[in-house]
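To start, the structure under review is shown below, and the notes come after it.
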Amino acid sequence: MIAPELCQSVLQTALQGGGEFADIFIEEKKSTVISFEDGKIKNISTGTLKGVGLRLLYGKNYIYVYGNDFSQKGLIKLAETLARAVVYDKKGNLGHLTLSQNPQIISPKILPSSIELAKKIDIINRANQAARDYSPMITQVRVSYVDMEQKVFVANSEGKMAEDNRLRTRFIVNSVAKKGEIMESGASSPGKSMGFEFFERYTPEDIATEASRVAVVLLDADFAPTGKLPVVIDNGFGGVILHEAVGHALEATSVADNASVFTGKLGEKIANDCVTAIDDGTIPNEWGSYNMDDEGHCPQKNVLIENGILKSFMIDKLGSIKMDLPCTGNGRKQSYEFAPTSRMSNTFIAPGKYKLNDLIGSVDYGIYCKKMGGGSVNPPTTDFNFAVNEAYLIKQGKLDKPLKGAALIGKGSDIIQQIDMVADNLDFGTGMCGSKSGSVPANVGQPAIRVAGLVVGGRNQ
């Protein structure tokens, strides 16, 4: 996106005051967001974000600056600002820039920018109609269409130069059902690193029907029982607990600064034998996948926990320096306005040997969580509190009445020891993950799991 000669000059300038490593990040991002509510289009937003960021690492510290001037004068001025901010007695050597050829994990077929707006709106109208057709009790429908095309260029003082074209599409439907004075909502929100062919895999009708199904089910739900109970958490977005309560504590962002319960535990047993947890940015076209991270490294399949043993962490460049361990392709950020740090990609529990019915059948009295919601986590301690969007009571190994108002409460470091059965039905859920480097697309995932004992909170009446 800029000439190698200019990159070389900018990096050289950035290192003038000292520092062991410098890099350039350039992006151009185009996005379309269409919002639909109350039977009509509420908002159509299209925009382009373009900018450049420069980073200088010295010792275990860094300085980051960014701007929007891509001229030679502007880039050199930005690099001079960086150099003046650091006085350091070590100065890294500048390597010859060579363009890396990263494997193409993301290979879209139909660019959303090639699709006329009327066709995108038709997709939304089809979803609205399908959501309402599901039941006369559906009273409100909200739909969001999102597509994003991003071009990224990275160069660093070690000689790496790489570029990537990224594409993501997501479709979100929220349905509200009403029965008497009772109102409940349901949602469905898949996303993939794909173009408009996304709608060949996920039709708007299927997405909308699922949102309405959940809303209608909850109309007849009772409030969940409370206390410590066996809990079966189904696949897909159920993996949000692993992501939030365990995954963040396995990122170098916290591990390298001794702010994680897992610091210093590499090679130790931290989970039940049946738990293998993986972060894998190489899964073709998944929401959290990429051809390279925001530091120019190739993503990889990173086994974090294997049969209960802590095997590795997710490590960015700065984390690599602090921990004296290699980068794992997890250096990510929201945009050029943020410095990268270690972030998850597609993080999930690997499939086990059981069927979902085996897990349910093994519980005499407990809770089956079919769909998880959002929640809160304290990363240093892994204490969490997660809402359950759709749940059912389990009685004598069979599903009973639907439940609402349930929340799962516990510690991530405890729950991975309490998982004692893992099913074979791995699936993923789509999300946006917030951390020090902003909000990034991240997949959560798991097959169904059984937790021997987990505190269920909520309203009991």
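The values are calculated or read from the model by the stated rules, or taken from the named source; none is laboratory data. Source: prediction; values computed, not measured. No Cβ is skipped: glycine too gets one built from the backbone with ideal geometry, and neighbour counts run over all protein chains shown.
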Handout entry: Selection within region 431-451 - modelled with pLDDT of 95 or more, under 25 Å from Tyr368 (Cβ atoms) and either part of a strand (DSSP E or B) or of a type in the set (Gly, Ala, Ser) (or both)
Key = Asn443, Val444, Gly445, Gln446, Ala448, Ile449, Arg450, Val451
Exercise for the section: Return yes when Met183 is part of a loop (DSSP other than H, G, I, E, B) and either touching a strand residue (DSSP E or B) at 6+ places or on another chain (Cβ under 8 Å) or more than 23 Å from Phe338 (Cβ to Cβ) (or both) and no when it is not. Expected result: no
Handout entry: Checklist (1) surrounded by fewer than 21 Cβ atoms within 10 Å (Cβ to Cβ); (2) over 29 Å from Met323 (Cβ atoms) applied to Gln12, failing item
Key = (2)
Exercise for the section: Determine the pairs where a residue that is under 12 Å from Ala187 (Cα atoms) and in contact (Cβ under 8 Å) with a residue 12 or more places away in the chain, located within region 213-226, has a partner that is among the β-branched types (Val, Ile, Thr) and surrounded by 15 or more Cβ atoms within 10 Å (Cβ to Cβ) with Cβ atoms under 8 Å apart, the partner being 6 or more residues away or on another chain. Expected result: Ala215/Ile138; Ala215/Val176; Val216/Ile138
Fill in the blank from the handout: If we ask which residues in region 247-276 are within 15 Å of the chain's Cα centre (by Cα) and of a type in the set (A, V, I, L, M, F, W, C), their number turns out to be 2
Exercise for the section: Please identify the pairs in which a residue from region 293-309 that is without any contact (Cβ under 8 Å) to a residue 40 or more places away in the chain and assigned to a strand (DSSP E or B) has its Cβ atom under 6 Å from the Cβ atom of a residue that is crowded, with 24+ Cβ neighbours inside 10 Å and acidic (Asp, Glu), counting only partners at least 6 apart or on another chain. Expected result: Asn302/Asp279
Fill in the blank from the handout: For region 376-399, pairs from a residue that is on the phi > 0 side of the Ramachandran plot to a residue that is at pLDDT below 90 and crowded, with 22+ Cβ neighbours inside 10 Å, with Cβ under 7 Å and 6 or more apart or across chains, are Thr382/Ala245
Fill in the blank from the handout: Checked pairs for region 135-147, first under 9 Å from Val176 (Cα atoms), second of a type in the set (Ser, Thr, Tyr), C-beta under 7 Å and 6 or more apart or across chains, list as Ile138/Ser175; Ile138/Ser212; Val141/Ser175
Problem - Unique match (being in contact (Cβ under 8 Å) with a residue 12 or more places away in the chain and exposed (fewer than 14 other Cβ atoms within 10 Å of the Cβ)) among Gly51, Gly39, Gly19, Gly67 - result: Gly39
Exercise for the section: Hey, could you check region 373-390 for residues that are among the β-branched types (Val, Ile, Thr) and under 21 Å from Ser189 (Cβ atoms) and say which is modelled with the lowest pLDDT? Expected result: Val377
Exercise for the section: Can you tell me which residue among Asp23, Asp38, Asp89 is under 31 Å from the mean Cα position of the chain (by Cα), among the acidic types (Asp, Glu) and farther than 30 Å from Ser189 by Cβ? Expected result: Asp23
Exercise for the section: Considering every residue within region 93-107, establish whether at least one is closer than 30 Å to Thr209 by Cα and modelled with pLDDT under 95. Expected result: yes
Problem - Single condition Gly47 does not satisfy, out of (1) modelled with pLDDT of 95 or more; (2) under 24 Å from the mean Cα position of the chain (by Cα) - result: (1)
Practice task
Report, by residue number, each residue of region 152-166 that is part of a loop (DSSP other than H, G, I, E, B) and either among the charged types (D, E, K, R) or surrounded by fewer than 22 Cβ atoms within 10 Å (Cβ to Cβ) (or both).
Solution key: Glu158, Gly159
Practice task
Check Asp220 against each of (1) charged (D, E, K, R); (2) surrounded by fewer than 21 Cβ atoms within 10 Å (Cβ to Cβ); (3) within 24 Å of the chain's Cα centre (by Cα); (4) at pLDDT 95 or above and name the one condition it does not meet.
Solution key: (3)
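Among Lys73, Lys109, Lys77, Lys91, which is the only one that is under 30 Å from Gly18 (Cβ atoms) and in contact (Cβ under 8 Å) with a residue 12 or more places away in the chain?
Of the residues listed, the single one that is under 30 Å from Gly18 (Cβ atoms) and in contact (Cβ under 8 Å) with a residue 12 or more places away in the chain is Lys91.
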Exercise for the section: Mind listing just one residue for me: the one in region 412-430 that is assigned to a strand (DSSP E or B) and not hydroxyl-bearing (Ser, Thr, Tyr) and, of those, nearest to Leu356 (Cα to Cα)? Expected result: Ala423
Exercise for the section: Go through region 75-118 and count every residue that is in a helix (DSSP H, G or I) and surrounded by 13 or more Cβ atoms within 10 Å (Cβ to Cβ). Expected result: 11
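Give the residue, chosen from Phe171, Phe153, that is over 25 Å from Asp294 (Cβ atoms) and among the aromatic types (Phe, Trp, Tyr).
On the way: Phe153 fails: over 25 Å from Asp294 (Cβ atoms).
Sole residue among the options that is over 25 Å from Asp294 (Cβ atoms) and among the aromatic types (Phe, Trp, Tyr): Phe171.
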